[in-house]
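Reviewing the structure listed below.
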Amino acid sequence: MRIRIGPFMRPAMKKSIWCEGCGLGNMSSIITSALVSTVSKRLEVDPNTREGLERIKNNIAFVSGIGCTSRMPGQLDFNTLHTAHGRSLAFATGIKLARPELTVALAAGDGDIFAIGGNHFIHTARRNIDMTLIVYNNKSYGMTGAQHSPTSPLGEIGTSAPYGVFEPPFNVVNLALGAGATFVAQGALTTSQEHLDQAEALIVAALGHKGFSLVNLIGTCHTGWGARNRRAEAFRYRRYLEEKVMKLESWKALPPDEQGKYFPLGIIHQDDSRPDFQSSKPYLDAIERAKKAVAGTQELLEDITLVEQDPLAVYPRTSVRFAGSGGQGVLTAGETDLYAAFLSGKSGVFIKNYGPEARGGGAYSQVTISDGEIHFPQAENLEVLVALTQEAYDKYRGEVSAQGKIIVNSTAVKEFYGDARVIASPIGDLLAREVRPPKKEQGINVLALALTMGLFNLAPRGSVETAVKKYFSDKNLKMNLRALDVGYKEAERQRGLI
Amino acid sequence: MRTGAAPKIDLRIVSPVHQALRTGVITQGRRLILSGNDAIVRGAIDVGARGYFGYPITPSTEIEEGAARYLLGMGGVFLQTEDEIAAIGAAIGASLAGLKVFTASSGPGISLKQELIGFAAITEVPLVIINVQRAGPSTGGPTDVGQSDVMQARWGTHGDHPIIVIAPNSPQECYEETIRAFNLSERYRMPVIILSDAKVGQMKEPAILPPLASIPIVNRRKPVGSPRDYEPFGLTEDGVPPLAGFGDGFRAHFTGLYHGRNGLPTKDPAMVDEQLRRIHAKLETAEAKADILKTEEFVTDDADVVVVAFGITSRAAKDAVILARQAGIRAGLLRPITLWPSDEVTILRVLGRAKKVIVPELNLGQYGLEIDRLAGHLSPKPQVVGINKVDTALISPADILREIKI
């Protein structure tokens, strides 16, 4: 039985913008009726009591886009949102994710939801977010004056198709099914009471379905599209639709080449076995995993004393670049370097090479350290380059200042071109012989970092150790601390050589 | 170790966290190495943002990745949407449902979001939008730095609309200004844009995050009294109407159409005028200006050459000013942290003493237009010179120093 919709209308909005005889009036009534009966059952409240009425209204979010249909939410005393053209499903997605307890319904026209909003339509269906979309599909843009839409029949006349529509329409049912909708129904708003009752029943069923549901209502626009296609009277257009629709069972019995001429009415697809987005196992599992991950990353408060600096002084800066190939961990080396400097009260800035170049195999990080504040983050010259590969050495040695130093991994870099700035250290051999990492080159970044820090005393060893402990996982910490030790010893040996 | 409630930090100074440490308001913090993008996520989480909707785009993607890592485990909502428009649409929907939300993008993605920035402005929905600027127009240089969205940030969506735009220049500031952006967005019920850039977003620096209890948190004002009297766009003393969340029992209608105080569409010219003027006027009170406007002044007191720079370029400008001072030139730096609306009073005061004003920016002259407009109010008008670079490299301290010395 249809519920009286008067108490659900906003008094100021009783006069609608719709033309007399338009199906949108019917649609508004049956949506309201269906929403109220569904939500009153869900909340177990009586819509005839004042309290029950309030609770029902408070628990419904009714959303739309742009067009004649989209004016519907404004009339109704729910939580209502009249969004931008095509975007209703995106807004509704945000509402549903933030407030899952709300019943979320949408009213849309065919242009709004299948043309400009088509992308949101297929993706909301794919995700199976628990909301009900009711489309008033009159196969045209009504508000702007009878232009053709993605559901307009071929050959009919519109203001933007004066010589006939020449692009094929969507099969809306197949589109929804293809996108993964778990509930697809089709109804029609004609002269028949039976069709109207069926449409309401379809909306009730859709609202009862947990997941994304589409109710595609075949409707009319007698003043716009109808006026250009010999159906200018509401009654005549509605009668015309009656010839175009058919009960689902009868439609199924048609030979395939006949089926395209008619719109089947009823629940075309319903899959209750697939949980809705917010109840789905992958979503719930991800939340559980996320909770564990977040609980494990609580940062501790430390006592902090800021070191005051003269804002107008120029402080010397040292820029160090760690360069190598992708898997050598040069980015982490740079970050560890910066953290160690930070711990010892210095300022620093870290930049990395970024972009397509990074995927070519080469990578570098660059750290600039100073006792004073660092403003411009880019160094004009490098003081130190750590080159783990020949390619890195060849590519960046030109950026090192004349007084700078280049630490090269002489295990991999064989050609120094007689460069006097080079400090050759067999980093790769030392790693293999003295650190013996489980995987080749693991720890090479820590060894190179320790060698650099030891040679140039950029931060005290204690800070470097603390930084290494922070940046390297527990599993490899022992090996990395071994690499640190080997690196510092090598620094001592190199000092002796220099 | 977490300690009890710490004294609140005043957000209106340049680095409120450093200032609080300096003055002993706080003595502890979390020491981290953060990129600008990471820092934005940390700021958002610490100020209570619990919703993120986004779409991957270089060089802003780390913000989405950070949101994905943290939010779901904190009772929040995260979704990578089908496109940039859906991201801001879902964000507005979630904000209307009561969450503090943010979305981040860059260049082409920010262009796509423009229509709904206007929707959020006219429906007065709190929302923080981050633009990690890259070099444009169009696809331009996805990994290259640019500052060419200055005017888009102010005027990008159609129609007269208010907006707040904040331009941080370091990871520490990205963190602190994200907190301020959310607080402004909630207090003034409007979208706030954080205008970062590829360099600030990608570079890492040491950052100090204060104890959570010391962070000032502003939540949107909620309606009180009878739901029947609730006017989501009503007149209030400060021009900011209260905002209920969907499901809170204060039902209302929100539409991008011109609407009256009750939220329902209107064609009454007086009401249209009242509402459009109100959403602008709410930023014009003395209290609002004190909250919103924020400018760093560095040795401007006696400066007759003033460099006006924001974001990454302001860091080169500071070096240039220091070098100029060492050479005996009275140079100063004026750095708008809130880029829009303009801090007109401060800018005019500093420009009023200047003979020469230099505006370096990574575009062909956008913020320079605003500075030139303001300089035009002065008599005599100081000379305004732009340093404009669009070759994807940064403007260096030497580039600015050269112009200071001319």
**Asked** How many of the residues making up the stretch B:287-299 are under 16 Å from the mean Cα position of the chain (by Cα) and assigned to a helix (DSSP H, G or I)?
**Response** 5
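Given the residues A:Gly211, A:Gly219, which is the only one that is within 30 Å of A:Pro275 (Cβ to Cβ), surrounded by 23 or more Cβ atoms within 10 Å (Cβ to Cβ) and small (Gly, Ala, Ser)?
Going through A:Gly211, A:Gly219 in turn, the sole match is A:Gly211.
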**Request:** Please work out if A:Val367 is within 31 Å of the chain's Cα centre (by Cα), assigned by TED's automatic domain parsing to the domain that holds A:Gly443 and surrounded by 23 or more Cβ atoms within 10 Å (Cβ to Cβ).
**Result:** no
**Fill in**
Inside the stretch A:269-315, the number of residues satisfying the requirement of being more than 9 Å from chain B (Cβ to nearest Cβ), surrounded by fewer than 11 Cβ atoms within 10 Å (Cβ to Cβ) and either touching a Ser or Thr at 6+ places or on another chain (Cβ under 8 Å) or at pLDDT 95 or above (or both) is 4
**Request:** Specify which of the listed residues (B:Gly234, B:Gly256, B:Gly260) is of a type in the set (Gly, Ala, Ser), under 25 Å from B:Trp340 (Cβ atoms) and modelled with pLDDT of 95 or more.
**Result:** B:Gly256
**Item:** Matching entry among A:Val349, A:Val386 (being at pLDDT 95 or above and within 14 Å of chain B (Cβ to nearest Cβ))
**Value:** A:Val349
**Asked** Quick one: would you say A:Leu338 is facing another protein chain (nearest Cβ under 7 Å), part of a helix (DSSP H, G or I), in contact (Cβ under 8 Å) with a residue 24 or more places away in the chain and under 17 Å from A:Val384 (Cα atoms)?
**Response** yes
**Fill in**
Scanning the stretch B:308-332 residue by residue, those within 12 Å of another protein chain (Cβ to nearest Cβ) and among the hydrophobic types (A, V, I, L, M, F, W, C) turn out to be B:Ala309, B:Ile312, B:Ala316, B:Ala317, B:Ala320, B:Val321, B:Ile322, B:Leu323, B:Ala324, B:Ala327, B:Ala331
**Item:** Number of the condition not met by B:Pro142 [criteria: (1) touching a Phe, Trp or Tyr at 6+ places or on another chain (Cβ under 8 Å); (2) at the interface with chain A (Cβ under 10 Å from one of its Cβ atoms)]
**Value:** (1)
**Prompt:** Quick check: is even one residue across the stretch B:215-232 more than 9 Å from every other protein chain (Cβ to nearest Cβ), aromatic (Phe, Trp, Tyr), part of a loop (DSSP other than H, G, I, E, B) and within 20 Å of B:His161 (Cβ to Cβ)?
**Reply:** no
**Item:** Yes/no for A:Thr318 being within 10 Å of chain B (Cβ to nearest Cβ) and polar (S, T, N, Q)
**Value:** no
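Does B:Glu284 qualify as being within 14 Å of chain A (Cβ to nearest Cβ) and either within 22 Å of the chain's Cα centre (by Cα) or of a type in the set (Val, Ile, Thr) (or both)?
So B:Glu284 does not fit the description; no.
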**Prompt:** Taking interchain pairs and intrachain pairs at least six residues apart, which have beta carbon atoms under 6 angstrom, with the first residue in the stretch B:85-101 and more than 7 Å from chain A (Cβ to nearest Cβ) and at pLDDT below 95 and the second part of a helix (DSSP H, G or I) and surrounded by fewer than 24 Cβ atoms within 10 Å (Cβ to Cβ)?
**Reply:** none
**Asked** Just for helices (runs of 4 or more DSSP H) wholly inside the stretch A:373-465: which have at least 1 residues that are of a type in the set (Asp, Glu) and over 25 Å from A:Leu484 (Cβ atoms)?
**Response** A:390-396
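A quick yes/no check of all residues on (1) crowded, with 21+ Cβ neighbours inside 10 Å; (2) more than 30 Å from B:Gly201 (Cβ to Cβ); (3) acidic (Asp, Glu):
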{"residue": "B:Gly311", "(1), (2), (3)": "yes, no, no"}
{"residue": "B:Ala320", "(1), (2), (3)": "yes, no, no"}
{"residue": "B:Arg353", "(1), (2), (3)": "no, yes, no"}
{"residue": "B:Lys356", "(1), (2), (3)": "no, yes, no"}
{"residue": "B:Glu361", "(1), (2), (3)": "yes, no, yes"}
**Subset of the stretch A:59-73 (residues that are more than 9 Å from chain B (Cβ to nearest Cβ) and assigned to a loop (DSSP other than H, G, I, E, B))** = A:Gly65, A:Gly67, A:Cys68
**Request:** Would you check if there is a residue in the stretch B:29-42 being in the same structural domain as B:Val200 (by TED's automatic domain parsing), surrounded by fewer than 23 Cβ atoms within 10 Å (Cβ to Cβ) and either within 21 Å of B:Gly247 (Cα to Cα) or free of Cβ contacts under 8 Å to residues at least 60 places away in the same chain (or both)?
**Result:** no
**Item:** Flag for B:Leu116 being within 14 Å of chain A (Cβ to nearest Cβ), touching a Ser or Thr at 6+ places or on another chain (Cβ under 9 Å) and buried (at least 24 other Cβ atoms within 10 Å of the Cβ)
**Value:** yes
**Item:** Matching option when the condition is surrounded by fewer than 24 Cβ atoms within 10 Å (Cβ to Cβ), assigned by TED's automatic domain parsing to the domain that holds B:Ile92, of a type in the set (Gly, Ala, Ser) and under 28 Å from B:Leu257 (Cβ atoms), among B:Gly159, B:Gly136, B:Gly140
**Value:** B:Gly159
**Request:** Go through the residues of the stretch B:158-170 one by one and say whether even a single one is of a type in the set (Gly, Ala, Ser), away from chain A (no Cβ under 14 Å), touching a residue at least 60 places away in the same chain (Cβ under 8 Å) and farther than 17 Å from B:Ile63 by Cα.
**Result:** no
**Asked** When the stretch B:24-80 is examined, which residues are found to be polar (S, T, N, Q) and facing chain A (nearest Cβ under 7 Å)?
**Response** B:Thr27, B:Gln28
**Prompt:** Restricting attention to the stretch A:211-225, and to residues there that are in contact with a Lys or Arg (Cβ under 8 Å, 6 or more places away or on another chain) and of a type in the set (Val, Ile, Thr), which single residue is farthest from A:Arg127 (Cα to Cα)?
**Reply:** A:Thr220
**Message:** For the stretch B:300-315, which positions are in contact with a Pro (Cβ under 8 Å, 6 or more places away or on another chain) and assigned to a loop (DSSP other than H, G, I, E, B)?
**Reply:** B:Ala309, B:Phe310
**Prompt:** What residue, among those in the stretch B:382-406 that are of a type in the set (Lys, Arg) and surrounded by 13 or more Cβ atoms within 10 Å (Cβ to Cβ), is nearest to A:Asn381 (Cα to Cα)?
**Reply:** B:Lys389
**Asked** Tell me, which helices (runs of 4 or more DSSP H) lie completely within the stretch A:223-267 with 2 or more residues that are of a type in the set (Val, Ile, Thr), in contact (Cβ under 8 Å) with a residue 24 or more places away in the chain and in contact with a Cys (Cβ under 8 Å, 6 or more places away or on another chain)?
**Response** none
**Fill in**
Those strands (runs of 3 or more DSSP E) completely within the stretch A:94-203 that have 1 or more residues that are more than 33 Å from the chain's Cα centre (by Cα) and more than 14 Å from chain B (Cβ to nearest Cβ) are A:183-188
**Request:** Go through the stretch B:185-214 and count every residue that is over 25 Å from B:Arg154 (Cα atoms) and part of a helix (DSSP H, G or I).
**Result:** 3
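The values are calculated or read from the model by the stated rules, or taken from the named source; none is laboratory data. This is a predicted model, so every value here is computed, not measured. Cβ coordinates were reconstructed from backbone atoms using ideal geometry, including for glycine residues, and neighbour counts include every protein chain displayed.
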